[in-house]
1. So how much slack lies between residue 176 and residue 120, counting 0.36 nm per residue of separation and subtracting their Cα-Cα distance, in nm?
2. At 0.36 nm per residue, and after removing the present C-alpha to C-alpha distance, how many nm does the segment from residue 158 to residue 139 gain when stretched out fully?
3. At residue 113 and residue 184, where each label point lies 7 Å from the Cα along Cα→Cβ, what is the point-to-point distance in nanometres?
4. How far apart, in nm, are the 7 Å Cα→Cβ label points at residue 93 and residue 73?
5. From the mean inverse distance of alpha carbon pairs (Kirkwood) and the Cα radius of gyration, derive Rg over Rh for segment 26-184.
């Protein structure tokens, strides 16, 4: 009985260490900020979304984002209403945007060593039911046990079926919008 207790304790400790290591490889974040900005001569439009969920696998470099489209917040209520309407993003039919991709060279990032690493990410972006392959750049900052992922890129609205041929939207909404992403793991 006396020999069983240390062996059992060792097994429990080994299991706990293994579980902790596995947890560290795949991280999930609810601390995401998705921001977009549209500039035209007539109007600037910006929106923030803090409700996205993302995962980062530090072993494989896989990154996944799920973005609830109705969670974008605008300064003007009318902008938010237009954004969610059938004519724009049709968020009742397409409630989420999604990105599934990966870091092109995950072996170059030392997630156990503090530093800032420039990365390229390739994957598939799905907005309004349309999926497109994209490659963008960003940075990963490792600081202690936390990881900060940032990226800024341009998104062409027509690539996702968001077009305006006439009326106020065609002059007030840019054809290409700036998107910024910040995620804390």
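Please treat every number below as a calculation from the coordinates, not as lab data. Since the structure is predicted, the reported quantities are computational estimates derived from the model, not experimental observations. Heads up, the Cβs are rebuilt from the backbone with ideal geometry, glycines too, and the neighbour counts pull from every protein chain shown.
1. Value of the extension gain: 18.1 nm.
2. 4.1 nm
3. That separation, rounded to one decimal, is 2.6 nm.
4. So the label points at residue 93 and residue 73 sit 2.9 nm apart.
5. Dividing the radius of gyration by the Kirkwood radius yields 1.00.
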